[in-house]
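What follows is one structure encoded as structure tokens, with my remarks underneath.
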Amino acid sequence: MVELNTIDSTYYLENHINKRDNQEAGTLGKDDFLKILMSQLQNQSPLDPMKDKDFVAQMAQFTQLEQMTNMSNTFEKYFNKSEGSVAEYSHMIAKEIAYFPEEQSEGDRGELKSGVVEAVSLKEGEVFLKLDDGARVPVSSIQEVRNNRDGDQHGT
């Protein structure tokens, strides 16, 4: 019995209209490449099948593409998440800040403390400034930022 080549129903136009609307025009996803590879394997000539080295090369390219896509998505998530975090506050290093210590309640703010920022860190989604005296201050506690007068004098 002779088997006829059939077209996979996932390639029908109506199945791609909704998908195309959701994706950027002209982009292919991982699923598209897998479908192309599967079609290529299913429809290869029995008299001249794909060579092993060609198949391995295609799989290596596909794996590389998938890893690059995953890395790109990871970077995008990182940069979207890090907006308003460490990178945004790095300009405060070597600046003097005035802040209310966390242990004081809202009603009893007491007096401002100050220190020079040595580092910026992110812990559990909150940005902290590490000061020269070892204190860790959440950026939400900062009341004032000044040029570090001592730091300015070291350069002269």
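Things to note:
Residue-wise test of (1) closer than 30 Å to Lys30 by Cβ; (2) at pLDDT below 85; (3) open to solvent by less than 90 Å² (accessible area, probe 1.4 Å); (4) more than 28 Å from the chain's Cα centre (by Cα).
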site	(1), (2), (3), (4)
Phe79	yes, yes, no, no
Gly84	no, yes, yes, no
Glu103	no, yes, no, yes
Gly110	no, yes, yes, yes
Glu118	no, no, no, no
Glu124	no, yes, no, no
Asp133	no, no, no, yes
Pro138	no, no, yes, no
Thr156	no, yes, no, yes
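- Residues of the stretch 32-65 satisfying the condition of being basic (Lys, Arg) and part of a loop (DSSP other than H, G, I, E, B): Lys51
- In the stretch 46-67, the count of residues that are polar (S, T, N, Q) and touching an Asp or Glu at 6+ places or on another chain (Cβ under 9 Å) is zero.
The values are calculated or read from the model by the stated rules, or taken from the named source; none is laboratory data. Just so you know, these numbers come straight off a predicted model, no measurement behind them. Heads up, the Cβs are rebuilt from the backbone with ideal geometry, glycines too, and the neighbour counts pull from every protein chain shown. Note: areas computed on protein heavy atoms with side chains; ligands, DNA, RNA excluded. Shrake-Rupley method; radii C 1.70, N 1.55, O 1.52, S 1.80 Å.
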